Amino acid sequence: MTSVVDVANVEKTFKLYKQRHKSLKDRVLHPGKGNATELTVLQDVSFSVGEGETIGVLGRNGSGKSTLLKCICGVLQPTAGQITVRGDLAGLLELGAGFQPELSGRDNVYLSASMLGLSRRKVDSVFDEIVAFSELEKFIDTPVKFFSSGMYVRLGFAVAVTAAPDVLVVDEVLAVGDERFQAKCMDRIRQFQSDGRTILLVSHNADQVRSLCSRAVVLEKGRLVADASAGEAVKVFREHLLGTQESKATSTGEDSDVVIEWVRGVSGSFTARTNERFEFLTNVRASAPVEGAFVLELYDQAGRLVARTDATKSPISLSAGMQELNVAIEELPLLDGAYQMNIGIVSPDGDTVLAWREQIAVLEVAYVGRGAGQVALRLNVH
Amino acid sequence: MSPSARRPVEQRPVRVVSAHLSLRQRLAAIWGARELLAYLVSADVKIKYKGSFLGIMWSMVSPAMSIAIYFLVFQVILKNGVPDYVVMLWAGMLAWTLFSTIINTATGIIVQRSGIVKKVAFPREILALSTVGTATVYFFLQFIVLAILMAVMGHAPAWSELWLLPLSFLALLLLASAFGVFLSAANVYFRDTAHLVEVGIFLWFWLTPVVYSYQRTVAPMLGAKGLAWIYLINPITPIVLTFQRVLYGQTSVTATTPDHSAITVLPEWSALHYAALNGLLVAIGLALFFWAIRIFGRLQGNFAEEL
Ligand SMILES: Nc1ncnc2c1ncn2[C@@H]1O[C@H](COP(=O)(O)OP(=O)(O)OP(=O)(O)O)[C@@H](O)[C@H]1O
Ligand SMILES: [Mg+2]
């Protein structure tokens, strides 16, 4: 597969000045280099994105996600290394698309579209579509300085997706719109995906990454610590998020001494009935005795998180070697459907992931009554 | 928007983000963004006079005021005796205002538009060049007003030398763009550049024969010692002289002072001499412009983080 975005050994170093000499006068009066310290924000980052892939970028605050995306968009230049982009790229970096506050929404649409490389005629032809998508018909002739931040993002997103670039780069902006608009953006992103376009997405929402992305990379202090399937990457991200900042954070789990081997329904199949007890067995191997708590996640078929439950209140003691755990969901209030299950074992304080398995099983839920939706409610009518 | 309408990956334009781009790549990128340039200029003009009663005519107020004041000082009070002095004055101011407006506005433009620079990638030179575009719009407006004024006064330009004007205009644009592009980048790193430029432009104005006559003040003083060339190092001087030569149309006139003496207000160079001077300036302007783009290219990599 030909790669669309190629990030090769990218390094980005910022100069930090304790006291910034921002004028010629200061330079003359205080010659010398000034007291600059260097901050390396990205270090030897390499990965490539293939045509039609959706890549998530995970990492905690300050790990360099936005910096990486800015480099890919060309807003910042890497200090070393090189980034190659094939085709048109539209970026939505943080808030707003660089609108001019004094200009009306209409003028800003034209301005930012032409910054994305669209010809005037093309903008004319898609203008109504942009406005309709942003739902800002009434405000389109108002200067954008009077827009709310949500409106800002809506217009910026509408321009970027309507420009239909080969590569779309999105940095967390989707968190700003209201829920309905977010859903609309998600639809549009999915449509983008089915068109075979390429997307790079920063999100703090691991579930969103899992549901949207085919692959994800994880940044930790400017280094790439994972480049794997979305599920795998989310696991690494969780570990880094939960793990303390020290050495533990840089390991990807090889030295973790707990491994989940397999799961199996007690009755043989992995089928449950609504509002009834469901029991399954899992085989866990530990290299040394350790305390742990069980965590279980269920996702629906759209990739939305339905439930995450942990048993940190009742930790279990694992002994060295193989052991079988019996896990029971006392009551399963889900309507029929197939649910992806992830399970893991964390330390009793919930801070460290000891073992994690993505999509270890699919739980089929059968519901005998009538009803729609996801959750079964028990009604009591007198 | 169907996937089939899209080019295969292999045929798409390749963009390389790296700290080193050649001059050719930079110029190609600028050319590719020309539509954006046009849009920035029209947005600029639109914002500035939006919602004001006189609209774009406000752009005439400041140059008209200075012309009125210089006219009052030099013609009415100091009685320089130049007939139709306002035409002479306006012709020089036309060139000078274009130059100084570009320099003054371009210097601050990157800092002023930091919001865009930090969020969108596009050739940043376009911002500096947009100030050239905007100033040019106002230039043509002032040009039209001068034409009307000359028609009303019945003052004819030197028709046979009119062709010198586009040449001179080109030299002026190239020089101003070169300075503008360079200063806009410098101002990101040294924020007091803008103040220095303001002072510098003020001094430069008085070193350029716009309100006083080169032929009557500079030439006799320096020319006698063979030093007139010092004055002509200032590249704007030949340009201003060309504008005056073409638009004022005469070199020797009869003074309006009571003695009605014959005075020479402009050097009596041939049209070819003017053409050669301006041609040289076009070449210098072009070289400076490329140099400025190179320097800009080296500095622009860190704009987003310096702002
Ligand atoms: N212009 C700059 N000058 C100096 N340091 C900077 C600059 N921009 C970012 N940094 C530093 O680079 C580091 C990474 O920042 P970045 O914005 O890439 O993080 P992030 O992963 O996007 O974080 P978040 O999740 O909060 O958005 C931070 O420590 C930040 O302070
Ligand atoms: Mg960020």
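Values in this text are rule-based calculations from the coordinates and carry no lab data. Not measured: the values here are computed from a predicted model. Here the Cβ positions follow ideal geometry from the backbone for every residue, glycine too, while neighbour counts run over all protein chains shown.
State the answer as a single residue: which of A:286, A:299, A:346 lies farthest towards the positive end of the charge dipole of region A:252-366, with beta carbon charges of +1 for Lys and Arg and -1 for Asp and Glu, about the Cα centre.
A:299
Give me A:48, A:134 ranked fewest to most by other Cβ atoms within 10 Å of their Cβ, as a rough exposure proxy.
So the residues, fewest neighbours to most, are A:48, A:134.
Within 10 Å of each Cβ in B:111-121, how many Cβ atoms from other chains are there, averaged over the peptide?
6
To the nearest Å, what is the center-to-center distance of region A:94-158 and region B:181-211, using C-alpha atoms only?
35
Using a ≥ b ≥ c from the Cα gyration tensor of region A:90-149 (square roots of the eigenvalues), is it rounded, prolate or oblate, where a/c under 1.5 gives rounded and otherwise the larger of a/b and b/c decides, a/b for prolate?
oblate
Among A:277, B:124, A:86, which comes first, then next, by fewest other beta-carbon atoms within 10 Å? Write out the running numbers ahead of the final one.
On the way: A:277 12, B:124 27, A:86 23.
Ranking A:277, B:124, A:86 by Cβ neighbours within 10 Å, fewest first, gives A:277, A:86, B:124.
Please report the spacing between the Cα centers of region B:102-177 and region A:305-323 in Å, no decimals.
73
Could you give the length gained on full extension between residue B:224 and residue B:283, defined as 0.36 nm per residue of separation minus the Cα-Cα distance, in nm?
Between residue B:224 and residue B:283, full extension yields 18.3 nm more.
Only four residue types carry charge here, +1 at the Cβ of Lys and Arg and -1 at the Cβ of Asp and Glu. Report the dipole size of chain A about the Cα centre in Debye, rounded to the nearest 20.
Details: 41 positive and 48 negative charges, 263 e Å.
Roughly 1260 debye for chain A.
Of all the C-alpha pairs in chain A, what % are more than 30 Å from each other?
Counting pairs separated by more than 30 Å, the tail of P(r) holds 52 percent.
Need one number: nm distance between label points at residue B:272 and residue B:257, each 7 Å from Cα along Cα→Cβ, rounded to one decimal.
Inter-label distance under the simple model: 3.5 nm.
Rounded, prolate or oblate: pick one for the protein assembly as shown, where a ≥ b ≥ c are the square roots of the eigenvalues of its C-alpha gyration tensor, a/c under 1.5 means rounded, and failing that, prolate if a/b is larger than b/c, else oblate.
Note, shape of the protein assembly as shown comes out prolate.
Give the angle, between 0 and 90 degrees and rounded to the nearest 10, that separates the Cα long axis of helix B:58-70 from the longest principal axis of the Cα atoms of chain B.
Approximately 30 degrees, to the nearest ten.
Would you mind putting A:51-59, A:309-317, B:62-70 in packing order, based on average other-beta-carbon counts within 10 Å, highest first?
The peptides rank, most packed first, as A:51-59, B:62-70, A:309-317.
Which of rounded, prolate or oblate describes region A:343-382 when judged by the alpha-carbon gyration tensor and an a/c cut-off of 1.5?
oblate
Could you work out how far helix B:271-300 tilts from the main Cα principal axis of chain B, as a 0 to 90 degree angle to the nearest 10?
Between the helix axis and the principal axis of chain B, the angle is about 30 degrees.
Taking the Cα centre as origin and putting +1 on Lys and Arg beta-carbons and -1 on Asp and Glu beta-carbons, what dipole magnitude results for region B:30-297, to the nearest 20 debye?
720
Once phi is turned into θ = phi - 60°, what whole-Hz ³J(HN,Hα) does the Karplus curve with 6.51, -1.76 and 1.60 give for every residue of region B:216-224, x standing for Gly and Pro?
8, 10, 6, 4, x, 6, 7, x, 4
Give the residue from A:80, A:39, A:228 lying farthest towards the positive end of the charge dipole for region A:3-239; charges sit on Cβ (+1 for Lys and Arg, -1 for Asp and Glu) and the dipole is referred to the Cα centre.
Comparing the listed Cα positions along the dipole, A:39 ranks first.
May I ask for the angle, rounded to the nearest 10°, between helix B:23-32 and the longest principal axis of chain B, with both axes built from Cα atoms and the value confined to 0 to 90°?
90
Using the number of other C-beta atoms within 10 angstrom as an exposure proxy, rank B:155, B:260, A:382, A:240 with the fewest first.
Going from sparsest to densest Cβ surroundings: A:382, B:260, B:155, A:240.
What is the set of long-range amide H partners of residue A:170 at a cut-off below 5 Å, with H atoms built 1.01 Å from backbone N?
A:92, A:200, A:201, A:202
Calculate the mean, over all residues of peptide A:194-201, of how many other protein chain Cβ atoms lie within 10 angstrom of the residue's Cβ.
The shielding value for this peptide is 2.
State the number of lysine pairs found in region A:3-239 whose Cα atoms come within less than 21 Å, restricting to pairs 8 or more positions apart or on distinct chains.
Summing the qualifying lysine pairs gives 17.
I'd like the mean, over residues of A:106-116, of how many other protein chain beta carbons sit within 10 Å of each residue's own Cβ.
4
Can you give me the distance in nm between label points at residue A:310 and residue B:10, each placed 7 Å from the Cα along the Cα-to-Cβ direction?
My value for the distance between the label points is 5.1 nm.
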